[in-house]
Amino acid sequence: MKIFYSIYNDEHSTALNTQNPKNSVVDLIAPSSIEVDFKSIKIGTKIARTFFIVGYPRYVSSNWLSPLIDFDHELDIAMFIYPASSPDILSDLRRKIAEMEVTISSQAEKGKVVDPTVTAALEDALGLQEELAKGLERFFLFSLYVTLTSENEQDLDSAVKRLLSTLASLLVLAKPTTLQTEEGLKTTIPLGQDKLFMTRNMDTTSLASMFPFTSAMLTQDKGILYGVNLQNSSLVVFDRFSLENANEVVFGKSGSGKSYFIKLEVLRQFMLGTEVIILDPEGEYENLTKALQGEYLSFTPSSPIKINPFDLSGLYTEGENELGLKILSLHALLKIVMGNLDASHDAILDRALVQTYQQKGITQDPKTQNKEPPLMEDLYKVLLGMEDENAKELALRLEKFIKGSLAGIFNQQSNIDITNPLTVFSLKTLEDQLRPITMHIILDFVWTRIRKNLKKRLLILDEAWYMMKYEDSASFVYGIAKRARKYYLGLTTATQDVEDFLSTDYGKAVLSNSSLQILLKQGASEIDIVSKTFFLSQGERQLLLASNIGEGLFFAGQNHVAIKIVAAPFEHELITSNPQEILQKQEEKVVSSK
């Protein structure tokens, strides 16, 4: 019913309502108006024009109709196939052969030049007669119709010209359904009814070539090379910023080529002038960063690099409370630091955060928000100074970051900024318990800097499951994904733990807000959830289970193709993480230095 509703109603119509039992099916799907013209039909605000095919080329190959099927405009194609009786066809064929032989003989006797089209038709008929008699071919009646739709007459006329030009290049002759526009439309909607019956005789071989077995292509005039289409060897060249949003998710098991793919994309985007910021939990991007003269910031408790989670952006956007947004972000961070908080603890923390900023002279007034922000230690002191026992309990949970083993790591003013076109934050040497906290702080710091100035950027969040397993940090990632387009940002979230990523509503929301989706090799334990989430066919499911390193499925908007990631030799040298290749490279350097 939804399919028919979408045919007869435009996108601005009221949503389909099936709840009223008084409405018949016809009432539910009926458009607001229908206007029938002699060459087109107007349904609501849509205009449709139908063509039927009357002439076909003499010789065709498989997939020869792909220019029509891949035509760059909204169209509906309907094919009808009717089996025909071979004895009846043979009888008609013998009669036509006799007629053509008489025609050729008559022209020759009169000394006229024999019409080459008649000679060619006779050759085809004789060949077909022999194959039918031997049972090598069967005969069918075939009809082909095409309906173009558009929002206005001018756009439709332009599309019709391009369609007829495309068909002419295939040696196909099409005619409009003049004075039969309503029948033409009904023929091309999914009812399986041929209202026109404009048929053509077709043998089995010719009919087989008509089937729409085409492989999708994802090749744009601009963008970067992602790889090679495994179905037709075309190049997958795409600009992620041309989509509804520039966000991307990358799912692949360990060893599938996930990091290789991301590094290759980073390299190629960087070469086109895109600023790239990476959160790197495993130290995967160090060699690439050094090669591109980027800034590689390694976080450890003893590192001189510091980020103050209390930093404010200094931005003022009408209708937004910048201090309130920062306090919400700190709530999310401190829930990771302190553990779960009940309602009373949460309320105390909120009061303490407001008071901590007030002690530094910072309020909701934007003029006060350029002052030096407080530190984690200031919040600790405020909590200790409160009379409520719950406040003192919260202070104890913070103590190890102020006086204990982790003192100083998040308790100093920020001393870095993002000025390099490639900035990587490495968390490789941090303990696992600190990684989610540090990733949240860095992500908040980066997001604050991104909002300060508009620039084409990529933000890579590798091993995103570290953040997605905490509800508050997952919510923060989703917030960035939802708002990224506004700041000309493409967010990439990558993980090998697909089930963990998709087990939360926020993970699913990040996925639905990512127009670019890359699926690399999957393990048996993940393939079911991946298949269900992406509505994979059995063949696509098997491809992901059996694919080689760097092979998988590339989804861009409504299209997807099977892809093989390819890199030039110099690119491969920069991005490979194969231990054997890295060791060999190091040995070659030692030998060359002697």
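The values are calculated or read from the model by the stated rules, or taken from the named source; none is laboratory data. Quick caveat: nothing in here was measured; it's all calculated off a predicted structure. A quick note on method: Cβ atoms are made from the backbone with ideal geometry, for glycine too, and the neighbour counts reach across all protein chains shown.
Scanning region 60-94 for residues that are polar (S, T, N, Q) and over 26 Å from Leu122 (Cβ atoms) yields Ser62, Asn63, Ser66.
Consider region 496-528 and keep the residues that are within 14 Å of Val249 (Cα to Cα) and of a type in the set (Val, Ile, Thr). The one that is farthest from the chain's Cα centre (by Cα) is Val498. Can we say Leu383 is loosely packed, with under 15 Cβ neighbours inside 10 Å, over 34 Å from the mean Cα position of the chain (by Cα) and aliphatic (A, V, I, L, M)? Answer is no for this residue. Residues being in contact with a Gly (Cβ under 7 Å, 6 or more places away or on another chain) and within 24 Å of Leu315 (Cβ to Cβ) are entirely absent from region 373-392.
The residue of region 494-543 that is farthest from Ala464 (Cα to Cα), among those that are among the polar types (S, T, N, Q) and part of a helix (DSSP H, G or I), is Gln538.
Does at least one position in region 218-226 carry a residue that is surrounded by fewer than 16 Cβ atoms within 10 Å (Cβ to Cβ), of a type in the set (S, T, N, Q) and more than 24 Å from Thr533 (Cβ to Cβ)? Checking region 218-226: at least one residue is surrounded by fewer than 16 Cβ atoms within 10 Å (Cβ to Cβ), of a type in the set (S, T, N, Q) and more than 24 Å from Thr533 (Cβ to Cβ). When region 91-134 is filtered for residues that are closer than 23 Å to Tyr59 by Cβ and not in a helix (DSSP H, G or I), the ones remaining, listed by number, are Val114, Asp115. Here Phe570, Phe535, Phe476 are screened, and the one residue that is under 30 Å from Ser329 (Cα atoms) and of a type in the set (Phe, Trp, Tyr) is Phe476.
Please verify whether Asp311 is in contact (Cβ under 8 Å) with a residue 12 or more places away in the chain and either part of a helix (DSSP H, G or I) or farther than 23 Å from Arg457 by Cα (or both), treating the condition exactly as stated. Judged against the criteria, Asp311 is not a match.
Scanning region 41-92 for residues that are of a type in the set (Ser, Thr, Tyr) and buried (at least 17 other Cβ atoms within 10 Å of the Cβ) turns up Thr50, Tyr56. Evaluated against (1) within 25 Å of Lys508 (Cα to Cα); (2) at pLDDT below 90, Ala246 falls short on exactly one condition, (2).
Taken over region 446-462, the criterion of being of a type in the set (Asp, Glu) and assigned to a helix (DSSP H, G or I) is satisfied by no residue.
Checking each residue in region 105-135 for being over 26 Å from Ser86 (Cβ atoms) and either hydrophobic (A, V, I, L, M, F, W, C) or touching a strand residue (DSSP E or B) at 6+ places or on another chain (Cβ under 7 Å) (or both) picks out Ala108, Val113, Val114.
Considering (1) farther than 19 Å from Glu471 by Cβ; (2) outside the structural domain of Gly273 (by TED's automatic domain parsing); (3) surrounded by 15 or more Cβ atoms within 10 Å (Cβ to Cβ); (4) not polar (S, T, N, Q), say which one Lys403 fails and leave the rest. Of the numbered conditions (1) farther than 19 Å from Glu471 by Cβ; (2) outside the structural domain of Gly273 (by TED's automatic domain parsing); (3) surrounded by 15 or more Cβ atoms within 10 Å (Cβ to Cβ); (4) not polar (S, T, N, Q), the odd one out for Lys403 is (3). Criterion applied to Leu553, Leu536, Leu543 was being of a type outside the set (Ser, Thr, Tyr), surrounded by 12 or more Cβ atoms within 10 Å (Cβ to Cβ) and under 14 Å from the mean Cα position of the chain (by Cα), and the one residue passing it is Leu553. Among the residues of region 521-533, is any crowded, with 22+ Cβ neighbours inside 10 Å, in contact with a helix residue (DSSP H, G or I) (Cβ under 8 Å, 6 or more places away or on another chain) and among the hydroxyl-bearing types (Ser, Thr, Tyr)? Scanning region 521-533, I find no residue that is crowded, with 22+ Cβ neighbours inside 10 Å, in contact with a helix residue (DSSP H, G or I) (Cβ under 8 Å, 6 or more places away or on another chain) and among the hydroxyl-bearing types (Ser, Thr, Tyr), so the answer is no. Here region 168-179 is the region considered, the condition is being buried (at least 19 other Cβ atoms within 10 Å of the Cβ) and out of contact with any Pro (no Cβ under 8 Å at 6 or more places or on another chain), and the residue that is nearest to Leu93 (Cα to Cα) is Ala174. Residues that are touching a residue at least 60 places away in the same chain (Cβ under 8 Å) and touching a Ser or Thr at 6+ places or on another chain (Cβ under 9 Å) do occur in region 218-227. Look at region 295-307: where a residue is more than 14 Å from Lys428 (Cβ to Cβ) and a partner is part of a strand (DSSP E or B), sitting 6+ places away or on another chain with Cβ atoms under 8 Å, you get Glu295/Leu422; Glu295/Thr423; Glu295/Val424. As for region 314-323, it holds at least one residue that is hydrophobic (A, V, I, L, M, F, W, C), crowded, with 16+ Cβ neighbours inside 10 Å and part of a helix (DSSP H, G or I). Sort out which residues of region 554-576 are closer than 13 Å to Lys258 by Cα and in contact with a helix residue (DSSP H, G or I) (Cβ under 6 Å, 6 or more places away or on another chain), and write them in order of number. If the condition is that a residue be closer than 13 Å to Lys258 by Cα and in contact with a helix residue (DSSP H, G or I) (Cβ under 6 Å, 6 or more places away or on another chain), then Ile565, Ile575 are the ones that fit.
Table: residues versus (1) among the hydroxyl-bearing types (Ser, Thr, Tyr); (2) assigned by TED's automatic domain parsing to the domain that holds Arg435; (3) part of a loop (DSSP other than H, G, I, E, B); (4) touching a helix residue (DSSP H, G or I) at 6+ places or on another chain (Cβ under 6 Å).
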position	(1), (2), (3), (4)
Val250	no, yes, no, yes
Lys253	no, yes, yes, no
Ser256	yes, yes, yes, no
Gln269	no, yes, no, no
Glu284	no, yes, yes, yes
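Among the residues of region 73-95, at least one is of a type in the set (D, E, K, R) and touching a residue at least 40 places away in the same chain (Cβ under 8 Å). Listed by position, the strands (runs of 3 or more DSSP E) inside region 137-242 whose residues that are within 21 Å of Phe80 (Cα to Cα) and either of a type in the set (Ser, Thr, Tyr) or in contact with a Leu (Cβ under 7 Å, 6 or more places away or on another chain) (or both) number at least 1 are 139-150, 173-176, 200-203.
Within region 261-311, being more than 17 Å from Ile575 (Cα to Cα), hydrophobic (A, V, I, L, M, F, W, C), modelled with pLDDT of 90 or more and surrounded by fewer than 16 Cβ atoms within 10 Å (Cβ to Cβ) holds for one residue alone: Leu272. Residues in region 537-575 that are of a type in the set (Lys, Arg) and within 23 Å of Leu243 (Cα to Cα): Lys564 alone.
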